[in-house]
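The structure under discussion appears below in the form of structure tokens.
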Amino acid sequence: MATAPKEAKNASSLEEIHTERQEPPKGQKTFTVEEAVETIGFGKFHILLFLIMGSTGVAEAMEIMLIAVVSPLIRCEWQLQDWQVALVTTMVFFGYMVFSIVLGLLADRYGRWKILLLSFLWAAYFSLLTSFAPSYIWFVFLRAMVGGGVAGHTQGLIIKTEFLPTKYRGYMLPLSQVFWLAGSLLIIGLALVVNPTIGWRWLIRIASIPGILLILVFKFIPESARYNVSTGNVATALATLQRIAEMNEATMPEGVLREPAKERRGRFKDLIHPKYLRTTLQIWIIWLGIAFAYYGVILASAELLERDLICSSTAPQVQDSSDDSEESRSPCHCHLFGPAAYQTMMISTVGEIALNPLNILGINILGRRLSLCITMGCTALFFLLLNICTSSTGMTGFLFMLRALVSANFNTIYIYTAEVYPTTMRALGMGTSGSLCRVGAMVAPFISQVLMSASFTGALCLFSSVCVVCAISALTLPIETKGRALQVCI
């Protein structure tokens, strides 16, 4: 691994080791990690970093979206009721919520790289065990454990953020959405082929492969230099920066790497420090609202399309019997996905990158706060537009735009949260935000599938109102991180 102490045995690092406990000689030049990252600039290392750490999104998307394509089959196999199928998704997010806080706390104390590796090992292990689940109860428990492992994948984003120069963060981080899209499309495509042939258990096993392969290439990515400096491990941080400079064919700043170690790391009370209290509370509101809207759109799609058919015709629509597969008429009353259903899922998923170019421009030109405010406001508007009786194509268009907007919201808040907190609490800040995100995800099914059946307009107005609150919270955030250097400590 690049952070091995032997790589730091050179004149410069030996000098630094000597000066860790002493003030540098008067007149001697010094530099910080932030200055080194900006001086080295963007190059080959960052491309490798983007490909490896970005690919964590592929594994995460496959594990999260897996439930959507497996649920109809486990419903049939174990004769499950609706609430039992919904409980699987809820428990995945519950595991994610709990472990987000724990892993964020551990990452700030013991390192991003270690926790990322642990989370991938954990998720891959329990995912494979899920494929051998003998009963529904075991399946629910093991998927909750998988959700806990997936929660640690956020550390990949933090590592990318802490190595990227300031002017590139607003461009490179949103592009990570491409990896999430690739993972979502991959699991849907695999389900189309694997589910009808060798079954859902083999689908889960195959879906574990990307995560296992990523574990093997993590050794090419070092621990965050910002983290190492914050713990006083300056020699290792210097060796990491020198390696990056060599890969990028760039030069290091002149002088000695000098930053005091930060003893206060990963403490919950730092999140509510007077300097960050308002920011933290507003970020939590936004995360919760974005997840509520995102999973609300996904879960409500069937209900919305059904209402569209009623609106666009004066007579009740009769289901085309040609679309009924033998599986959908099975004795256990299962309704398994056919090719048309998988195709619809793919089309809606592609919508998640439809606004990526505009989102990137908005983030870098308008800033994080205003860009997020605009996309949240548009999300609220499109929720209300779903009340309009239109054609099936029109309804699909509204859903497509909603998926694009909620995806843009996620892009922006991920970047903002990673940038606004200092190194000593960045992972914890992301972890607690991720937990609030899963709370929104767990509430969404009750609105999309319960309230919507009782009051369609009421449910859509609730989704829209939450988005408006998030838009206001985004606009009034006290700190704008566009062009702002990453902070080291409070």
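Every number here is computed from the coordinates shown, using simple stated rules; none is lab data. The model shown is predicted, which means the values in this text are computed figures rather than measured ones. Heads up, the Cβs are rebuilt from the backbone with ideal geometry, glycines too, and the neighbour counts pull from every protein chain shown.
Residues whose amide H lies under 5 Å from that of residue 484, counting only those 5 or more places away or on a different chain, are absent; hydrogens are built 1.01 Å from N in the peptide plane. Between residue 51 and residue 193, the FRET efficiency from the beta-carbon distance, with R0 = 22 Å, is close to 0.25. Coupling constants for the stretch 188-194 follow from the phi torsions by the Karplus curve (6.51 cos²θ - 1.76 cosθ + 1.60, θ = phi - 60°), and in residue order they are 5, x, 5, 4, 4, 8, 7 Hz; glycine and proline get x. Annotation: peptides 67-75, 454-462, ranked by per-residue average of other Cβ atoms within 10 Å with the highest first, follow the order 67-75, 454-462.
For the residue pairs 29/160; 114/167; 29/114; 160/275; 44/114, the C-alpha atoms sit more than 30 angstrom apart in 29/114. Around the amide H of residue 257, modelled in the peptide plane, lie the amide H atoms of 31, all under 5 Å away and 5 or more residues distant in sequence or on another chain. Per-residue extension of 0.36 nm, minus the Cα-Cα distance of residue 461 and residue 166, leaves a gain of 102.4 nm for this segment. Along the positive direction of the dipole of the stretch 29-262 (beta-carbon charges: Lys, Arg +1; Asp, Glu -1; about the Cα centre), which of 94, 177, 202 reaches farthest? Checked the options; the winner is 202. Ordering 229-242, 365-378, 195-208 by mean Cβ neighbour count within 10 Å, with the highest value first, yields 229-242, 365-378, 195-208. Pairwise Cα separations in the stretch 42-138 fall into 10 Å bins from 0 onward with the following percentages, short to long: 12, 38, 30, 15, 5, 0. Residue-wise HN-Hα couplings along the stretch 432-438, as the Karplus relation 6.51 cos²θ - 1.76 cosθ + 1.60 with θ = phi - 60° gives them from phi, are 5, 5, x, 5, 4, 4, 6 Hz; Gly and Pro carry x.
A full extension of the chain between residue 249 and residue 454 corresponds to an added length of 67.5 nm, given 0.36 nm per residue minus the alpha carbon distance.
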